[in-house]
Each structure stands twice: as C-alpha cells, then as structure tokens.
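These notes concern the structure reproduced below.
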Amino acid sequence: MDRLWARPWIPISALWLALAGLLAILTTQVADWYVMTDELLYERLAISIGQLHSPLPHVHGDLIGNVNQLYPLLLAPLFDGSLVPNGLRDAHILNAFVMSSAAIPAFLLARRVTNGNRLAYVVAVLTVCLPWIVLASFLMTEAVAYPAFLWAILALHNAAIAPRARNDALLLVAIGVAILARTQFAVLLAIVPVALLLDRPAPRRVVSQHRLLAGAYAALAAVAVGLAATGNLSRALGTYSVTAEGNVAPSGMPRSLLEHLAPLGLGLGIVPFVLGLAWLLSSVVQERTRAQRAFASIAGVAGVALLLEVTSYDLRFGAGRLHDRYLFYVVPLLLVAFVAMLLERSWRRWAIIASGALLALAFAFVPVISFHKFNVDSPVAYLNETLLGIGGSESGAQLFLSFVAIAAMLLLLAGRRVAIGLAALAIVLAPVQTAAAFTRLFVHDGTSGRPLTVDQSVVFDWLDRKVGSGGTVTMVPYPFLYGAYWDNVGYWWNVEFWNESVRRAVVYEGAFTGTPETFPTTTLSFDPTTGHANVSPSSYVAQAVAETRFGLAGKVIGEDRGVDLIRVERPWRAQWLAFNLYRDGWTIPRVDGTIRVFATPGQSSPERRYVTVSVRAPTGVAPRQFDFRSNAASWTARAGAQPVSNQLAVCVPPNGYADVRVTAPQYSPIYGDPRSEASFVSYARSGGVLVTGIALADETSPC
C-alpha cells in the first residue's frame with residue numbers, strides 16, 4: 001500500500017504544475033478587487049502579519065476572532081514590504097498554484113478507489129477544470145480551502161482503511177489545517193466519527209482501532225461541555241459564531257436541499273453527477289473493495305453534512321440565494337465516484353433512475369436568476385442567461401433542465417456504449433465550461449464598477465507612494481459623494497485596499513465605516529471646549545477635503561480625488577468642530593448649526609481667523625437662502641445645486657473659541673442619513689442646505 005501511495009508523485013506533480021501554470025495565466029489577468037469586504041479582510045490580515053510580526057489575526061491593530069488564518073499566513077510574505085499592486089499580482093499566482101493543488105489529493109483518492117492511474121488522472125484534471133476554479137481569481141479562502149478539504153478527506157480515508165496511531169495523528173492534523181483554512185470545515189469533526197461508524201458499524205471496534213482519535217474526541221467533548229456551560233461554545237467559531245446560534249433547521253429545508261443539488265449537477269455536466277451519485281447509492285447494497293466501501297461511506301457522509309450545513313446557512317443568512325461556492329468542495333468526491341462507476345461491469349439501474357430523478361426534481365425547483373456579472377456565490381450561474389433564453393422564462397428554464405436530466409438518465413440506461421460516449425462528452429466539455437465562466441468574469445466590469453483587468457494602482461495607491469508602505473496612516477471615512485451610499489463606501493474601500501500604510505480607521509460619533517464589525521475602528525471624540533482629541537493614532541491622516549465635522553491641526557502634504565493626506569500635529573487636536581448639523585453636513589430644519597474655531601496653542605491675544613465655507617442646495621429645488629454669522633462677519637446669500645463659497649472672519653480669544661452660526665430657514669426632503677446602510681435606506685430626512693466644505697486658513701491677524 002505504501003509503495004502504491006508513493007509511485008505517482010512525479011507525474012501527478014507535473015500535471016498539477018501544468019494545470020497551475022495555465023490557471024495562473026487567467027488569474028493574473030485580474031488586477032482589481034471583486035468581492036468586498038472579503039478580499040479586503042484577508043488582505044488586511046495578511047498585511048498585519050508582516051507589520052506586527054505575529055501570526056494571530058489583527059485588523060487595524062486589534063486582535064479579532066478570525067479562525068480562517070491559514071490563507072492570510074500564506075499571503076503575508078507577498079505583501080510584506082511591497083506595494084499592494086505587486087502583492088495582489090503575486091497573490092493571484094499563488095492562488096492558481098494552491099487551489100489547483102487539489103488535483104493531487106483528488107488523484108490519490110481516485111487511484112485508491114479505482115486501483116488504477118488512467119481515470120485517476122481524469123479526476124485530477126476535472127478537479128481543476130470546473131467553473132468553481134474561477135474563485136482562484138480572488139483573495140478568498142476558497143483558494144486554500146479546496147485542497148485542504150480534500151487532503152482531510154484523503155487522511156480520513158487513509159485512517160479508515162489502515163487504522164493506526166500514525167494515521168489518526170495525520171487525520172487530526174489534516175482536520176486542524178482544514179479548519180484553519182475555512183471555519184466551515186469544523187463540520188469535519190462530525191463527519192469523521194459518523195463516516196467511521198458507517199464504514200464499520202461496531203462502535204467498540206472503531207474505538208479500539210482508533211484510540212488516539214477517540215482520546216482526542218474525548219478531550220474536545222470536555223472542552224465543548226465547558227464552553228457550553230459558560231455560554232461560549234459558539235464563540236469558538238470566531239467571526240462565524242452567529243452561524244451556530246438560533247434554529248439551525250429553519251423552515252423550507254427540504255425544498256432548499258433539493259435546490260442546492262442543482263448547481264452541482266449543472267457544473268458537473270449532469271452525466272458525471274448522475275453516475276457518481278448512482279455509484280454512491282448502489283454502494284449501500286453492492287459488494288465493494290475495502291477502499292471503495294470506506295470511500296463511499298466518507299463521501300456520502302461528507303456530501304450530506306455539507307449539504308445540510310450550507311442549506312441551513314443560506315436559509316438563515318443567505319437572503320434566500322444559493323451559495324454553491326460553499327458546497328463545491330464535494331464535487332471531486334462525486335468525480336471519484338463517477339470514474340469508479342465507469343469501471344463497473346454492471347450498473348444498478350435503480351440507482352441511475354434514482355439519481356437522475358433526484359437531479360431532475362432539483363432542476364424543477366432551482367431558482368434561475370439572471371446576473372449581470374459573474375456571481376461569486378454561485379459560479380455556475382453564468383449559464384442562467386442562456387437557460388432563460390432557451391426556456392423563455394424561469395419556469396421554462398427549469399422545465400428544460402429537468403427534461404435534459406431525464407433524457408440523460410434514459411440514455412445512460414440505453415446501453416453501456418451510449419453511456420460511455422455521454423461520459424466522454426461531459427469530460428471534454430468541462431474545460432469549455434471553465435473557459436465560459438472566466439469569460440463571464442472578464443467581459444463585464446467588476447463590482448467596483450471598473451474593468452477587472454485594468455491595473456488601478458496608479459489611481460489609488462498614492463498614499464503608499466507618498467509615505468511608504470511601512471508608514472502609518474489613519475483614514476477618516478466620510479460620505480463626500482452626493483447622495484450615493486455605496487459609491488462612498490466603495491471609495492473608502494479603495495483607499496484602504498490599495499494602501500498598506502492605512503493601518504487605522506477612526507469613527508466619529510458612530511458614523512461612516514463602510515466595513516462590518518470584523519474591522520475594528522478607533523472611536524474619536526473631542527473636548528468641545530479645547531478641541532483636544534481623545535486619541536492620536538498616527539502622524540498621518542487621510543481625510544476628505546469636504547469633511548464638515550472637524551478639521552485636524554496639521555499640514556496637507558498631498559491631495560487626490562477629494563482626499564487630503566495630512567501630517568497631523570500630535571497629540572491630535574481639532575482646529576474647528578461643527579455642531580448641530582447632520583453628520584454629512586446638511587443643516588437640520590429649525591436648528592442653527594455651529595462651526596466652532598479654537599484658539600491655537602500658545603495664543604496670547606485675540607486673533608482674527610478666516611474660515612472658508614462652501615454651500616449648496618438640494619437638487620431640483622429653487623435656490624434657497626442661508627446665513628452665516630460670526631463675531632466679526634456675516635454672509636447671507638442663496639445657493640442652488642452648484643456650490644457657492646465665501647470666506648468669513650472670526651475673532652478667536654486666547655485659550656478659548658469662537659462660533660460661526662449657520663441658518664437655513666427653508667428645508668425639504670433629502671436622501672437618507674448615510675451613516676449606515678440601514679439609516680440610508682430606511683427613511684428620508686429633511687434638510688436645508690449642504691455645507692460641502694469648511695477650511696480654516698493658516699493666516700491670522702489681530703482682532
């Protein structure tokens with residue numbers, strides 16, 4: 001057995017490198033982000049490893065509960081000390097080689113089950129040449145999770161057919177690596193005992209043959225009981241703790257389970273799915289070799305477990321949509337069963353009928369939705385537009401798919417030669433499907449609204465080029481793009497994604513982050529009488545030119561696309577603060593706004609300061625009046641949709657402050673509050689005029 005294990009390494013390694021090289025040609029065409037905030041998270045985790053010299057998961061300098069740390073560890077050397085565009089290119093190359101390495105454990109599994117090499121090489125190629133391999137184009141855990149899962153399954157198979165302490169130890173290591181690759185694979189902890197018991201339904205014998213494994217599970221059970229007793233069991237999943245809470249079997253499970261089978265069947269080209277599932281079903285009653293029995297038990301349990309897990313997640317958190325990118329890990333197991341079926345001298349007709357009917361029923365329920373772009377959550381959905389065109393409607397597409405599944409089933413029953421021909425056609429078409437999925441990805445603009453293959457570094461990485469990737473910049477997100485929530489969020493995603501030097505993000509009055517809770521933020525506040533800040537995270541700040549909440553004391557050393565790079569004084573202090581305005585600068589109906597200008601440090605006498613303000617009215621209304629008044633000047637005017645500006649003097653006493661009052665008597669409905677997505681879409685505010693900019697001049701004169 002050991003000799004059989006060792007022989008194929010050279011040819012399968014050569015095949016893997018060839019497949020990886022071809023895949024890298026495609027993945028390196030991607031020059032921008034596509035999946036937010038997933039890609040931003042794993043990039044930040046990787047960068048923090050180099051910056052903090054710690055393998056633990058940190059974002060914005062804070063430790064977070066992320067279990068998926070294997071992928072950032074692999075990325076860390078690529079981003080360490082380099083600009084983001086270089087690290088991104090190298091990451092896409094790494095993705096191609098790592099994700100395609102799934103061909104190796106798939107080959108070894110197929111070789112054991114079929115006791116031969118030829119069809120095992122077919123499995124290896126098909127493991128890479130499927131639509132889900134497009135996920136290697138993104139900074140996401142799928143790239144490393146795909147091979148990690150298959151290595152864990154291979155280790156489980158090895159432990160099942162050759163029970164010994166060494167193989168149990170390897171299995172435990174493989175499970176640990178798989179969970180570090182993707183927290184979802186904690187389900188392997190349930191798969192292992194069930195698969196072993198199903199393979200050999202004698203609990204005492206299983207325990208006696210796997211004492212090391214049994215001891216490890218006893219220790220895990222004790223830890224789980226302790227965590228459950230303190231109410232912390234779900235927290236072991238880190239950022240995915242919410243998935244283990246609540247009702248894990250919501251209503252609608254039976255239908256949704258069927259729906260989740262459909263993308264697998266479609267992505268596999270129907271015939272391999274039908275034959276592979278038929279082989280697994282017939283293994284229940286048909287005599288098999290030791291390796292085949294063990295594999296059938298493992299593949300069956302793993303397939304059902306992942307199907308239940310993903311279906312539960314989609315119903316509770318997936319907005320009712322299918323996420324086959326969480327389920328495609330079982331596809332190589334179906335491929336192994338598929339080639340094993342091709343070697344069978346006689347096929348169980350009932351098994352083919354059952355698997356074909358199940359797939360036809362799944363196709364009858366599956367949602368067929370047209371997506372303008374490549375859908376990361378369901379890579380197979382690139383076919384949906386074609387299916388809708390053929391069927392004329394969603395129900396027509398479902399009927400067409402069901403008909404094809406039934407026709408394929410009947411042809412498989414017609415005779416072995418016809419079945420082999422269909423199987424060969426499906427194998428040949430697999431690379432065509434993959435090419436079509438990549439084409440779908442490349443021909444449309446990315447989710448950023450830009451061509452995915454165009455390098456954006458010259459536009460966005462200017463902060464790194466200004467202060468160096470080893471510098472420390474704190475960004476202050478602010479919605480300076482008029483009435484467009486996601487455009488503003490996307491802008492600040494770009495600021496952080498393309499600049500390693502952006503290590504902190506501050507939030508003032510709980511507003512404007514654009515990132516989920518997995519991205520810690522620093523709470524910023526100011527003393528309203530002195531302007532002194534509670535924190536001073538860095539010497540550099542990236543702040544919107546149009547910021548109307550506060551102005552930090554410092555020198556602007558660069559500006560690009562509406563953002564200033566400021567070398568701030570430390571400790572931080574505000575030169576001015578705004579009160580009684582909406583946090584994005586609109587005046588509040590029947591409320592006077594205030595711009596407070598503070599004295600400078602060491603100021604010994606009253607000084608005249610000069611504040612420049614810009615104002616506009618909402619779109620589609622007549623120009624409306626506004627009024628600014630200070631203790632040294634006033635400005636009354638009307639503003640339309642185009643901003644108007646003016647400079648006002650204000651006399652600031654030493655060790656104190658002076659206020660500028662803002663009044664706008666007219667008001668009307670405006671867009672929602674952009675401090676969060678929920679507040680932006682939940683209601684419309686009323687506002688008077690929008691203060692689009694506040695700037696305090698350095699020049700002073702005696703009052």
Original post:
Given charges of +1 on the Cβ of Lys and Arg and -1 on the Cβ of Asp and Glu, with all other atoms neutral, how large is the dipole of the stretch 141-245 about its Cα centre, in debye to the nearest 20?
Top reply: 380
Original post:
For the pair ARG417 and GLN603, what calculated FRET efficiency results from E = 1/(1 + (r/R0)^6), where r is the Cβ-Cβ distance and R0 = 56 Å, to the nearest 0.05?
Top reply: 0.05
**OP:** List the relative contact order of the stretch 580-702 as a percent without decimals, with contacts defined as Cα pairs under 8 Å and 6+ residues apart.
**Re:** 37
Original post:
Expressed as a whole percent, how much of the Cα-Cα distance distribution for the stretch 457-575 exceeds 19 Å?
Top reply: 42
Original post:
Taking the mean number of other Cβ atoms within 10 Å as a proxy for protection, how do you rank 71-81, 99-109 from highest to lowest?
Top reply: 99-109, 71-81
Subject >> Per-selection Rg to Rh, the stretch 254-450 - Cα, Kirkwood hydrodynamic radius >> reply: 0.97
Original post:
If you take every DSSP beta bridge whose two residues both sit in the chain, what share of them, in percent to the nearest 5, is antiparallel?
Top reply: 85
Original post:
From a point 7 Å beyond the Cα of ALA364 in the direction of its Cβ, which residues of the stretch 389-426 have a backbone N at a distance under 11 Å?
Top reply: 399, 402-403
Original post:
What's the center-to-center distance, using Cα atoms, between the stretch 246-273 and the stretch 59-100 in Å?
Top reply: 32
Subject >> C-alpha long axis of helix 38-52 to longest principal axis of the chain, angle in ° >> reply: 80
Original post:
Using alpha-carbon pairs under 8 Å, 6+ residues apart, how would you state the relative contact order of the stretch 254-450 in percent?
Top reply: 29
Subject >> Computed log₁₀ I(q)/I(0) - Debye formula, equal Cα scatterers, no solvent, the stretch 247-330, q 0.13, 0.14, 0.22, 0.26 Å⁻¹ >> reply: -0.46, -0.53, -1.05, -1.25
Subject >> Packing-based exposure ordering (other Cβ within 10 Å, fewest first) of TYR42, TYR667 >> reply: TYR667, TYR42
**OP:** Could you tell me the distance between the Cα centroids of the stretch 418-441 and the stretch 572-616, to the nearest Å?
**Re:** 64
Original post:
Taking the simple approach of a point 7 Å from Cα along Cα-to-Cβ for both ARG316 and GLU569, what is their distance in nm?
Top reply: 5.3
Original post:
Sequence-distant or interchain residues sharing an amide H contact under 5 Å with LEU552, placed H: which?
Top reply: GLN575
Original post:
Which distance in nm do the two modelled labels at LEU73 and ALA622 give, with both placed 7 Å along the Cα-to-Cβ direction?
Top reply: 6.9
Original post:
Counting only residues 5 or more places away or on other chains, whose amide H sits under 5 Å from the amide H of THR692 once H atoms are built in the peptide plane?
Top reply: SER614, VAL615, ARG616
**OP:** Give me Rg over Rh for the chain, both radii from the alpha carbons and Rh done the Kirkwood way, two decimal places.
**Re:** 1.06
Original post:
Viscosity 0.890 mPa s, temperature 25 °C: Stokes-Einstein D of the stretch 141-245 from its Kirkwood Cα radius, in µm² per second?
Top reply: 169
Subject >> Interatomic Cα distance distribution for the stretch 555-641, bins of 5 angstrom, percent >> reply: 3, 9, 16, 20, 19, 16, 11, 4, 1, 0
Original post:
Within the stretch 419-453, whose backbone N sits under 18 Å from a point 7 Å along Cα→Cβ of PHE371?
Top reply: 433-453
**OP:** Mind pulling the angle between the C-alpha long axis of helix 84-100 and the longest principal axis of the chain? Nearest 10 degrees, somewhere in 0 to 90.
**Re:** 10
Original post:
Out of every Cα pair in the stretch 580-702, what percent are spaced more than 25 Å from each other?
Top reply: 30
**OP:** Report Rg/Rh for the stretch 128-194, rounded to two decimals, where Rg is the Cα radius of gyration and Rh the Kirkwood radius.
**Re:** 1.04
**OP:** Please give the calculated 222 nm ellipticity per residue for the chain, where each DSSP H segment of at least 4 residues contributes -39500 (n - 2.57) and the sum is spread over every residue; nearest 500 deg cm²/dmol?
**Re:** -15500 deg cm²/dmol
Subject >> For the stretch 508-561 and the stretch 7-57, distance of Cα centres in Å >> reply: 33
Original post:
DSSP loop GluC sites (Glu not before Pro) in the stretch 492-574 with at most 16 other Cβ atoms within 10 Å of their Cβ, which ones?
Top reply: GLU509, GLU517, GLU569
**OP:** Principal axes first, then extents: for the Cα atoms of the stretch 358-502, list largest minus smallest coordinate on each axis, whole Å, largest first.
**Re:** 70, 33, 23
Original post:
Can you give me the relative contact order of the chain as a percent, contacts being Cα pairs under 8 Å and 6 or more apart?
Top reply: 11
Original post:
Quick one: if the Förster radius is 41 Å, what FRET efficiency do ILE10 and ARG288 give, using the C-beta to C-beta distance and rounding to 0.05?
Top reply: 0.90
**OP:** Could you state the angle between the C-alpha long axis of helix 349-365 and the longest principal axis of the C-alpha atoms of the chain, as a value from 0 to 90 degrees rounded to the nearest 10?
**Re:** 20
**OP:** Apply the Debye scattering formula to the stretch 24-172, with a single equal point scatterer on each alpha-carbon and no solvent, then give log10 I(q)/I(0) at q = 0.17 Å⁻¹.
**Re:** -0.97
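All of the numbers you see were taken from the coordinates with simple rules; none came from a lab. Source: prediction; values computed, not measured. We place every Cβ from the backbone using ideal geometry, glycine too, and count neighbours over all the protein chains shown.
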